[in-house]
């Protein structure tokens, strides 16, 4: 058995159970001493869609059937693991931030910033020789994607910010119950205890109107577990989130086709976070999905794909 916190997966195709998702075969982009794991799907001649995951999650949570829907629309989909997660570099030597500093945004012993994480994603594009990409990020990945657009506007062709926010204090505070569920340490001493913790989290932050395929979620979580769970890395990511200055003023200077996707029932990042993001970015379109929480419901995949494709078309993506 692979021990959580130790595994590094390179070019393996093992599976977890019958008909379960595979552990992805990954390559690595080295940027500024950090290795970022990524995989690529679709026709090499199609425009790149870069997918940036959220806090403590991995590329595998952007499920392959959804990726296939996007490749069928004419995208070359690149999934990544952020630093401190999955198969990317784990910065163990940085230690775990103090709870008070992490939660209140005090930059004492800050391991890195969202700007560093945005530069990691740009490093993957550099490695692939891609000048510009359509970018989608969910939750923390939305914050990273926004930062990419602010700091590297020539590399972001279109932006899809999903269940995310601007960093302004007015849209920053989650529900107490949901935050407690997110911060509760999920046991990693065994696969079953970890899956039970993930089931509990999904029941609190998930979509009330769109039932989760629990077996599929457990399969994906099993793959994530085998790739490696790094709780201290998640804490360092959260510290970076809370230490970044508000982005709304910088977002107001963007000239990039943007769509903002959010759920009406999201109590981890309240809908006001999505609305504030759409207000801040000139010309941004806002889509609020009734009954969607802080997840990516399979029932809404066709609508998400439609919006991602439409905003790419606004940026000049050739229609298929």
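Odds and ends about this structure:
- Where only DSSP H runs of four or more residues are counted, the chain gives -11500 deg cm²/dmol as its mean residue ellipticity at 222 nm, each run worth -39500 (n - 2.57).
- Residues 161, 139 arranged by fewest to most Cβ contacts within 10 Å: 139, 161
- Part-to-part distance (alpha-carbon centres) for the stretch 77-101 and the stretch 271-291, which is given in Å: 28 Å
- By other beta-carbon atoms within 10 Å, ranking 131, 266 with the fewest at the front produces 131, 266.
- Normalising the average separation of contacting C-alpha pairs (under 8 angstrom, six or more residues apart) by the number of residues puts the relative contact order of the stretch 27-314 at 22 percent.
- Stretchable slack from residue 216 to residue 190, in nm (0.36 nm times residue separation minus alpha-carbon distance): 7.5 nm
- Of the labelled figures [x] 19.4; [y] 19.9; [z] 20.6, only one reflects Kirkwood radius over Cα pairs in Å as derived from the coordinates, namely [x].
- R0 of 56 Å, Cβ-Cβ distance residue 103-residue 314: FRET efficiency to nearest 0.05: 0.90
- Beta-bridge orientation, the stretch 27-314: approximately 30 percent antiparallel, per DSSP, counting only bridges with both partners inside.
- Footprinting exposure proxy for 96, 267, 214 (fewest neighbouring C-beta atoms within 10 Å first): 214, 96, 267
Coordinate-derived values only; no laboratory data. For clarity, every value in this text was computed on a predicted model and none was experimentally measured. Don't worry about glycine lacking a Cβ; one is built from the backbone with ideal geometry, like all the others, and counts go over all protein chains shown.
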